[in-house]
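Trainee: Below is the structure I would like to discuss, written out as structure tokens.
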Amino acid sequence: MRMTLITALVATTAVVGAVHAQDSGYSQKEVSVMQGFKAGGGSDALAQLVQPFLAEQLGVNFVNQYIPGATGAIAWTRLAKQAPKDGSTISITNTPMLTTNYIMNPSITYTLDEITPIANIVTDPGIAVVAADSPFQTFADFVAAAEAAPSTVTVGNSGVGGDDYFTSLQFEKAAGVQLQKVPFQGDGPSWTAAMGGKIDASFTNVGVTYQQIKEGNLRALAVFSEERLPELPDVPTATELGYDLVAGSSRGYSGPGDFPEKDREAMIAAMQRVMDDPAFQKAAKEQALNIDFVAGDDYTAMLKRQEDEYRVIWAEIKDEVQAK
Amino acid sequence: MNESLLMVGLANVVEPSNLLAILAGTMIGMFIGAMPGLSATMAIALLLPLTYSLKPETGLAMLASLYLAAMYGGSIAAILLRTPGTPAAAATVIDGYPMAQKGQAGRALGLSLTASLIGGIMSSVVLLTVAPLLGRIVLNFGPVEIFAVAVLGITIIGSLSQGSPVLGLLSGAIGLLLAMVGMDLTTGTPRFTFDQLNLFGGIDFTVALIGLFSIPQAVRLIAKGDANAAASVSQVSDRMLPTFSEFRTLFPNGVRSGLIGIFVGLIPGTGGDTASWFAYNEAKRFAKNKAEFGTGCPAGIVAPEAANNAVVGGALIPTIALGIPGSSSTAVLMGGLMVHGILPGPSLMTEHGDVTYTLLWAVLFANVALFFVGLMFTRVCVIVTRVPNRVVGPVIVVLSVIGSYAINNSIFDIGLMITFGMIGLAFDSFRIPTPPLVIGLILGPILDTTLQQSLLIGGGSYGIFLQNPISAVLLIFALLSMLQATPFFGSLSKLIRRPNRNAKAADDNIGGSTGE
């Protein structure tokens, strides 16, 4: 019985990294990292990748706390309302859920103003995929079908409030078409349904589908990144096809509101050193994580801009969606 | 791609850490299963937290072996104490206990182990052969088809619930209602959450399951005291391994029962208990000397034991391929998958192929490990059958609290677990079966989600369920299964299928047991 108890306790808090006697100017020796999702998910992958390097640069111990539930809202509510503001607690913040949570649900009460964004680390760009035997050879075929018969072309996404859902909405606006959006429980079920021809297309992310695209089980029609991706050089961006659409899901770190400015700067500086470290870059590449380092106030601005966009979109379609 | 995953899985399983996990799972499972009143389902539910810190494949390998070993452990209690540790072992009591009373406890346990090995190996081989095909087949299962499978699952549970069908339906309906709590997938609207953030994600069925199964059992054990001590056989002194000629005579029976187990497992909603009674009856039907049954006949031990181990492989197929658990034990295994961040369903074969195949291989290895661990440690295991109930009960409660907290690191979930424990207790005293509630809780969100997705795909028309051949056939099966429960169809099937009636009658005799 004692063994079970200890194992359960170990499981709740996994200590990552080691203390190094290096003065980085950070005020704390131990930092809790709250994650709004279960161990083993995308947030955890980021934590396991970044924190060992960051622990060394910053001279702190990181302790992961997994607080899954309400698409991250339980963890972020705790970050905004209860977390100590002394640099000892930060959280992994995922877009778009960080902002769409409270935009869509009045009972979720934290806001972006109550947290201090530190830096974005990775972005997994959005991508439109279809089955290998789909009649849509190009993105233009797909758009033409959507134009010809509004609300009949079925497009999967990873769930209402997720990045792909909002990408679909943004695309509808940019292209002036009407899609039949089908939400799934996560990216996997969404692209699997597309692969089986159950839906016409799936708006999903590059990181989770790259393997299937490479093996020819899925065909990529367009990526929603700023520029073409080196690993998919033949796939055009939506922007070059004439649609103003850059989207994806991003993960970074934020602290509670009134996070000590000195600590924020120290952490950003340490993160910058981690990003420049070839060993880190190699590790990130092995995990197919697309580094997109946006630090400090730029990260705040990025989140603000997204929040505004989502707020506008949601206000437009809210009644239509929830009336069903 | 699938063939290479098969090898990746094998390579994963033979890693020392995974082999160790299988061995540890087998040992722990056997001891827990041997404690009277602790079922294989509870063994998994309680020990789920043990695997959190492990890698997904290691954790799952451990859970699978734990489950198999707990099934065998259940038959130790059945044979020695006449208290089946698991409902699946209830059929084993009939011949196992008389044999043990004759001083052949070792022989009975040895037969049980050998039969488990036969059934287990068969079902793993089927599982591994079918799995690569499954990878392709599951792609044919989109929301429309999965909705139909879930409907079928619901109806079968209705017709198989022990005791009163009305109470079974009530329990299932409560489960479905509770499944509606949480955010609506297609609109993002929170339902029945009362602004409680902890309910946004719905009720975690693993938490509910721990409460429903463990707390009433703990209370029952504490209240009952140790009544069985006098009747129990406390010594295993004779040889366990069956002789070769004995093995040869029981082999066909084992294979037949194994096949029954695999097929019964495949059907969502039916588990080890159905399979072992079914196999027992078939063995009796095939036997030359029917009067031997009930007096310590080897075939009466081999049949249920081979069947209930073979069920695992069959039940894992709908669980991993479609996310629809075949029994409450596979439901807990599914909880294990989800705890490790893996959502069962079509993407399990595509996105997490490596983990899936590791699990499948682990089932095979666990069967072999169980045979040897069983041969070596069964004698030691007899000690745990003598642990007083008053000790076991409180330990279950402690483990339940730790387990429910550790799933989401949430104090709220402890309260939720205890609430479900109270519901379980109330159900117990009103003789309402709890398994239908669990199945409702699991299938509810699947039904809800796939119905909405199907309607979106079909442009709002319900006709999509009939236009699609797979779903149309499945829905017809569902309709038949519902009609089968009505009096008209019941009397009709009695005329046609006489042997099955015996199976049902035998089932009713044991009706008091609390489900798997």
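The values are calculated or read from the model by the stated rules, or taken from the named source; none is laboratory data. Since the model is a prediction, treat every value here as computed from it, not as a measurement. Reconstructed Cβ throughout: ideal geometry from the backbone, glycine too, with neighbour counts over all protein chains shown.
Trainee: Report yes if residue A:47 is at pLDDT 80 or above, within 14 Å of chain B (Cβ to nearest Cβ) and not in a strand (DSSP E or B), otherwise no.
Mentor: Judged against the criteria, residue A:47 is a match.
Trainee: A further question on this structure: Looking at the range A:170-191 only, could you name the residues that are outside any loop (DSSP other than H, G, I, E, B), crowded, with 21+ Cβ neighbours inside 10 Å and aliphatic (A, V, I, L, M)?
Mentor: Within the range A:170-191, just A:182 meets the criteria.
To keep it simple, each residue is scored yes or no on (1) at pLDDT 90 or above; (2) outside any helix (DSSP H, G or I); (3) charged (D, E, K, R); (4) within 19 Å of the chain's Cα centre (by Cα).
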| site | (1), (2), (3), (4) |
| --- | --- |
| A:68 | no, yes, no, yes |
| A:74 | no, no, no, yes |
| A:87 | no, yes, no, no |
| A:90 | yes, yes, no, yes |
| A:93 | yes, yes, no, yes |
| A:103 | yes, no, no, yes |
| A:122 | yes, yes, no, yes |
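Trainee: I'm checking my understanding of the structure. Among residues of the range A:208-240 that are part of a loop (DSSP other than H, G, I, E, B) and farther than 19 Å from residue A:164 by Cα, which one is modelled with the lowest pLDDT?
Mentor: Among them, the one singled out is A:215.
Trainee: Shifting gears a bit: Pairs only if they're at least six apart or on different chains, beta carbon under 9 angstrom, first in the range A:214-238 and within 14 Å of chain B (Cβ to nearest Cβ), second buried (at least 22 other Cβ atoms within 10 Å of the Cβ) and small (Gly, Ala, Ser); list them, first residue then second.
Mentor: The qualifying pairs are A:217/A:131; A:218/A:131; A:218/A:194; A:218/A:202.
Trainee: A further question follows. Considering only residues that are within 8 Å of chain A (Cβ to nearest Cβ) and not charged (D, E, K, R), which ones fall in the range B:171-213?
Mentor: Correct list: B:183, B:185, B:186, B:187, B:188, B:189, B:190, B:193, B:197, B:198, B:200, B:201.
Trainee: Could you grab me the full set of residues in the range A:192-207 that are of a type in the set (A, V, I, L, M, F, W, C), away from every other protein chain (no Cβ under 11 Å) and part of a helix (DSSP H, G or I)? Working first, answer last.
Mentor: Filtering the range A:192-207 for residues of a type in the set (A, V, I, L, M, F, W, C) gives A:193-195, A:199, A:201, A:203, A:206.
So of that shortlist, the ones also away from every other protein chain (no Cβ under 11 Å) come out as A:201, A:203, A:206.
Answer for the range A:192-207, where residues must be of a type in the set (A, V, I, L, M, F, W, C), away from every other protein chain (no Cβ under 11 Å) and part of a helix (DSSP H, G or I): just A:206.
Trainee: Scanning for something within 23 Å of residue B:255 (Cα to Cα) and either within 14 Å of another protein chain (Cβ to nearest Cβ) or touching a Lys or Arg at 6+ places or on another chain (Cβ under 9 Å) (or both), does the range B:110-121 turn up at least one residue?
Mentor: yes
Trainee: Give the number of residues within the range B:290-331 that are out of contact with any Pro (no Cβ under 6 Å at 6 or more places or on another chain), of a type in the set (Gly, Ala, Ser) and in a helix (DSSP H, G or I).
Mentor: Number of matching residues: 12.
Trainee: Still on this structure, please answer the following. Collect the residues in the range A:113-145 that are away from chain B (no Cβ under 14 Å), more than 30 Å from residue A:47 (Cα to Cα) and small (Gly, Ala, Ser), keeping them in residue-number order.
Mentor: Of everything in the range A:113-145, those that are away from chain B (no Cβ under 14 Å), more than 30 Å from residue A:47 (Cα to Cα) and small (Gly, Ala, Ser) turn out to be A:140, A:144, A:145.
Trainee: Then there is this: Evaluate the following for residue A:318: is it within 14 Å of chain B (Cβ to nearest Cβ), within 23 Å of the chain's Cα centre (by Cα) and surrounded by fewer than 16 Cβ atoms within 10 Å (Cβ to Cβ)?
Mentor: Taking the combined requirement at face value, the residue satisfies it.
Trainee: Let me confirm something: among B:176, B:167, B:212, which residue is touching a residue at least 40 places away in the same chain (Cβ under 8 Å), in a helix (DSSP H, G or I), closer than 17 Å to residue B:415 by Cα and not acidic (Asp, Glu)?
Mentor: B:212
Trainee: Next question, about the same structure. So how many residues does the range A:75-112 have that are over 26 Å from residue A:125 (Cα atoms) and either surrounded by fewer than 21 Cβ atoms within 10 Å (Cβ to Cβ) or within 14 Å of chain B (Cβ to nearest Cβ) (or both)?
Mentor: 16
Trainee: What do you reckon, is residue A:150 part of a loop (DSSP other than H, G, I, E, B), within 14 Å of chain B (Cβ to nearest Cβ) and not β-branched (Val, Ile, Thr)?
Mentor: yes
Trainee: If I filter the range B:388-409 down to residues being touching a Pro at 6+ places or on another chain (Cβ under 8 Å) and among the small types (Gly, Ala, Ser), which single residue comes out as farthest from residue A:69 (Cα to Cα)?
Mentor: Among them, the one singled out is B:403.
Trainee: Tally up the residues in the range A:285-310 that are assigned to a helix (DSSP H, G or I) and surrounded by 14 or more Cβ atoms within 10 Å (Cβ to Cβ), please. Spell out the reasoning first.
Mentor: Going through the range A:285-310, the residues assigned to a helix (DSSP H, G or I) turn out to be A:285-286, A:297-310.
Filter once more, so that each one left must be surrounded by 14 or more Cβ atoms within 10 Å (Cβ to Cβ): A:299-300, A:302-304, A:306-307, A:309-310.
Going through the range A:285-310 one residue at a time, the tally reaches 9.
Trainee: Does the range B:447-468 contain at least one residue that is more than 12 Å from chain A (Cβ to nearest Cβ), assigned to a helix (DSSP H, G or I) and farther than 29 Å from residue A:160 by Cα?
Mentor: Looking through the range B:447-468, none of the residues is more than 12 Å from chain A (Cβ to nearest Cβ), assigned to a helix (DSSP H, G or I) and farther than 29 Å from residue A:160 by Cα.
Trainee: Among the residues of the range B:187-218, write down those that are of a type in the set (S, T, N, Q) and crowded, with 22+ Cβ neighbours inside 10 Å. Let's see the steps before the verdict.
Mentor: The first filter runs over the range B:187-218 and keeps only residues of a type in the set (S, T, N, Q), leaving B:187, B:189, B:193, B:196, B:198, B:206, B:214, B:217.
Answer for the range B:187-218, where residues must be of a type in the set (S, T, N, Q) and crowded, with 22+ Cβ neighbours inside 10 Å: B:206, B:214, B:217.
Trainee: Just checking, which of B:514, B:486, B:434 is farther than 27 Å from residue B:342 by Cα, at pLDDT below 85, of a type in the set (Val, Ile, Thr) and within 21 Å of the chain's Cα centre (by Cα)? Working first, answer last.
Mentor: On the way: B:486 fails: within 21 Å of the chain's Cα centre (by Cα); B:434 fails: farther than 27 Å from residue B:342 by Cα.
Just a single option satisfies the conditions, and that option is B:514.
Trainee: Residues of the range B:179-205 being in contact with a strand residue (DSSP E or B) (Cβ under 7 Å, 6 or more places away or on another chain) and not in a loop (DSSP other than H, G, I, E, B), which ones?
Mentor: The answer is B:182, B:183, B:190, B:191, B:199.
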